[in-house]
Every structure is written in structure tokens, then in C-alpha cells.
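Novice: Please see the structure below; I have some questions.
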Amino acid sequence: MDIYSPLNGPLLQGKGKEMAFRKGGELEELLKISVGFRQAKIILVAVHLGVFDLLHAGGRTAAEIAQSFELDPRAAEIFLDSLAGLKTLRKEKSRYFNSPMAGRFLVSSEPEYKGDMFKHTLHTWEAWSNLEQVLKSGVPEDVSEKKFLDGDEELNRSFILCMYQRGWERAEAVWKSVSLKGVKKMLDLGGGPGTYSLVAASQETSLHCVVFDLPPAVNIARGKIEEHGLQERISTIPGNFHVDDIGSDYDLILVSNILHSQSEEQIAGLLLKCYEATAPGGRIVIHDFDISEERTEPLESAIFAVHMLVATGGGRVYAPQELCNQVVKAGYSRVGKILTRDKTRVIEGWRG
């Protein structure tokens, strides 16, 4: 029996089979990585179309689903079969149903819905397709921030809701690692939907939070604040933190998952602005992806740095010491590093 490579036909014959088996595991791992985009695209498009919402009411045939979304019937059946193979759908005879996993996370009416994470990933697909071009030019042609400022409503909403859907557990991990004792006034800079402020305010009843972000994010934050009944204790300021006034006399300024989208020069200017807005004795809390000083581990962070390369004008994931140096440069002292329970990194600096 010959040993076959999915790419190149017969690898080895006869006496070379044993060597092929030994090497096959490594080759298969590489091939698995190389075709990972296929599975991703199938699920992302299904969420975008609304397949899982449609099937929430019950099973349907491929023809019925094709008609609902104006799809080619043959193409729809092939597509739906692949979703069943990925265990997001269940196929019984000629009808398709949501799997328990899809019904839990991918149906928009369900409490644990996380579909906006997938919609956001689909929005970034084009940026990743331009990776080779970005490697040559150093910057993408059209960055996410520009789309925000230009008012791409669908992109804005899915991105901000993605932050809300992903952020609650991370926010809880941060506030378990960072003390809010004695903090009366907190700025949630670039706070998006206000998740970290919602968690903080629910824990400390004497705390007042200010969520500062671009208008599309603030609009959604206001809705979430109302949902939680915290309008009296969480306020909002719409603006661009690079050019607009962010307020003053804050006991704590939270900068969560913002700096990875900024260049080193932008970070320097932003942290200086934060220092000037921090009350004497107050502090800055920077929360971001953790990465080794060599910026190679964990893998998720190293790959997310590439995401910042293709999606922003100058961002990447910064090593802890790089951020500590920036915090000191801005004027803060007593700088410390904390690894949170969800393996993200917090850096604190105090204003004397």
C-alpha cells in the first residue's frame, strides 16, 4: 500500500513507509492549519445569513432554506451538509435542525447569543485576505478606525456588541485582580459598550464611572447601561480620545484592550493625556493581551498581533515591559504587572 499526501500524491513506497508514518503527523498538522479557513468561512457565512435564527422554530429542508435566503438550491444543500458535518446543524432525512451548540450560542433571541463575535470576524476577513499586501506596504489601505469614523453602522454595531459578548468574564477577572477600594470616580477610556464599568459599578455601590468612546460605541453603551438600571452611576462622553477632552480628576483610569490598536507614538500621547487627567494619588490600569517579552507566546496573542497589523494603522500586541516603560515615561510611578485569572495582563501605575 502506498502512503499518500493530500497535496502531492504518493509520498513513499515499500521500505519508506515507516518513515512516512512518522512524518505524517507533522505534515497532517501543517495541512490542518492551512485549510482551517474553510471551516471558518462556512460558519461565519451561516451566521451572517441567519441560518440558525431561521431554524430556531424547527427543521426545514434544503429547498425551504434556499428559498428563504434566495440561494441556489444545489449550493444550499452542499453548504447545509457541511454545517451538519461541523456539528452546528443536525440532519434528519432531508430536514436540517440546529444542534444544541448552535441553538445556545448562534440564535439571536437566546440569552447566551454570541453571534456578533462571528459577524465581526467575517467583517475582518477582507483585511486578512490582504496580508501579503500589508507585509509589503507595512499598513492596510482601509483600517477599522476609519470605517468607524466614516459611520459603517453594521461594522460598528457588530464590533461593539462583540466586545460586550466577550467582555463580561474578562471584566470580572480584571476586577478580581484589581482593587476598586476607595475609588470614587473612574474613567473607562475607549470603553465600548461599557462592560467593564457595568461590572465595576455592580461591585462598588459608591463608584461613579464615565465611559468615553466614539459616538457609535457610546450609543450602544447607553442602551446597556439602561438595561442594567445604572444610569445614575454610569455616564458617557462621546468623542475621540486622541483629540477631545477626556475629563479630569479621576481616581482610576481604565484602558482596557485599547493599546493594541495604537502605534507606539499614539500610546505615548494617550498615556500622557491620561496622566494629566489622573487625580493625585490616583492610578492608571492598563488591561490587554498578555504576551511574552519575545512576543511569540501565547500563540493566540502572536496571531492577534497579525490581526492588528492587517486591521489597524500601527497596532500590535505589546510586551509587558514595553507598556511599563511607556507608563513610566508618561509620569506614573510604582508600576506593577498582574496576570489575571483569564490569562490577560494588567499593568498599574500610580500618580504621586
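Every number in this text was worked out from the coordinates using simple rules, so none of it is lab data. Because the structure is predicted, anything quoted here is derived from the model rather than measured. Cβ coordinates were reconstructed from backbone atoms using ideal geometry, including for glycine residues, and neighbour counts include every protein chain displayed.
Novice: Please compute the contact order of the stretch 276-322 in relative form: average sequence separation of alpha-carbon pairs under 8 Å and at least six residues apart, divided by the residue count, as a percent.
Specialist: Computed over the stretch 276-322, the figure is 34 percent.
Novice: Let me check against my output: what whole-number percent is the relative contact order of the stretch 37-113, with C-alpha pairs under 8 Å and at least 6 apart?
Specialist: Here the relative contact order equals 32 percent.
Novice: Test of understanding: given the chain, find the longest segment containing no GluC sites (Glu not before Pro) that are in a DSSP loop and have at most 11 other Cβ atoms within 10 Å.
Specialist: Between exposed loop sites, the widest span is 142-231.
Novice: For the stretch 209-352, what does the relative contact order come out to in percent, with C-alpha contacts under 8 Å and a separation of six or more?
Specialist: 22
Novice: Something else now. By how many degrees, between 0 and 90 and to the nearest 10, does the Cα long axis of helix 73-85 differ from the longest principal axis of the chain?
Specialist: Taking the Cα atoms of the chain, the angle to 73-85 is about 70 degrees.
Novice: Could you list which residues have their amide H under 5 Å from that of G282, counting only those 5 or more apart in sequence or on another chain, with H placed in the peptide plane?
Specialist: Correct list: R351.
Novice: Report, in deg cm²/dmol and to the nearest 500, the calculated mean residue ellipticity at 222 nm for the chain, where each DSSP H run with n ≥ 4 adds -39500 (n - 2.57) and the sum is divided by the residue count.
Specialist: Only helices count here, giving -15000 deg cm²/dmol.
Novice: Stokes-Einstein D for the stretch 53-121 at 25 °C, 0.890 mPa s, Kirkwood Rh over Cα pairs, in µm²/s?
Specialist: After rounding, the answer is 199 µm²/s.
Novice: Suppose R0 equals 30 Å; then what is the FRET efficiency for K136 and I338 from their Cβ-Cβ distance, rounded to the nearest 0.05?
Specialist: Once the sixth-power term is evaluated, E becomes 0.20.
Novice: Determine ³J(HN,Hα), in whole Hz, for all residues of the stretch 318-327 in sequence, where each value follows from phi through the Karplus function 6.51 cos²θ - 1.76 cosθ + 1.60 and θ = phi - 60°; x replaces Gly and Pro.
Specialist: The phi angles translate into 9, 5, x, 5, 4, 5, 4, 4, 5, 5 Hz.
Novice: Under the rule that an exposed site lies in a DSSP loop and has at most 10 other Cβ atoms within 10 Å, name the longest stretch of the chain with no trypsin sites (Lys or Arg not before Pro) of that kind, not counting the sites themselves.
Specialist: That would be 182-352.
Novice: Along each of its three principal axes, how wide is the spread of alpha-carbon positions in the stretch 205-267, in whole angstrom units, largest first?
Specialist: 38, 26, 20
Novice: Please determine, in degrees from 0 to 90 and to the nearest 10, the orientation of helix 264-277 with respect to the longest principal axis defined by the Cα atoms of the chain, where the helix direction is its Cα long axis.
Specialist: Relative to the chain, helix 264-277 is tipped by roughly 40 degrees.
Novice: Share of antiparallel DSSP beta bridges in the chain, in percent to the nearest 5?
Specialist: Beta bridges within the chain, antiparallel portion: roughly 50 percent.
Novice: Multiply the residue gap between Q203 and D245 by 0.36 nm, knock off their C-alpha separation, and tell me the result in nm, one decimal place.
Specialist: Result for the pair: 12.3 nm of gain on full extension.
Novice: Also: Once you've got the Cα coordinates, tell me which of K114/K184; K176/K329; K185/K224 are over 25 Å apart.
Specialist: K114/K184; K176/K329
Novice: Follow-up question, since we're still on this one. How much net charge surrounds F118 when only other residues with a Cβ under 13 Å from its Cβ are counted (Lys, Arg +1; Asp, Glu -1)?
Specialist: +2
Novice: May I pose another question? Sort all Cα-Cα distances of the stretch 165-350 into consecutive 10 angstrom bins from zero, then give the percent of pairs in each bin up to the one containing the longest distance.
Specialist: The calculated distribution, bin by bin, is 10, 39, 39, 12, 0.
Novice: How charged is the neighbourhood of C162? Take every other residue with its Cβ under 10 Å from the Cβ of C162, and add Lys/Arg as +1 and Asp/Glu as -1.
Specialist: Charge balance in the 10 Å sphere: +3.
Novice: Spelling out what I want: for every residue of the stretch 293-310, take phi, set θ = phi - 60°, compute 6.51 cos²θ - 1.76 cosθ + 1.60 (Karplus), and round to whole Hz; glycine and proline get x.
Specialist: Here the 3J(HN,Hα) series is 4, 7, 6, 10, 9, x, 4, 4, 6, 5, 6, 5, 4, 5, 4, 5, 4, 8 Hz.
Novice: Continuing with the same structure: With the Cα gyration tensor of the chain in hand, give its eigenvalues times 5 under a square root as the equivalent ellipsoid semi-axes, listed largest first in whole angstrom.
Specialist: Those come to 42, 28, 18 Å.
Novice: Still on this structure: Mind checking Rg over Rh on the stretch 295-352, alpha carbons, Kirkwood formula for Rh?
Specialist: Expressed as Rg/Rh, it is 1.03.
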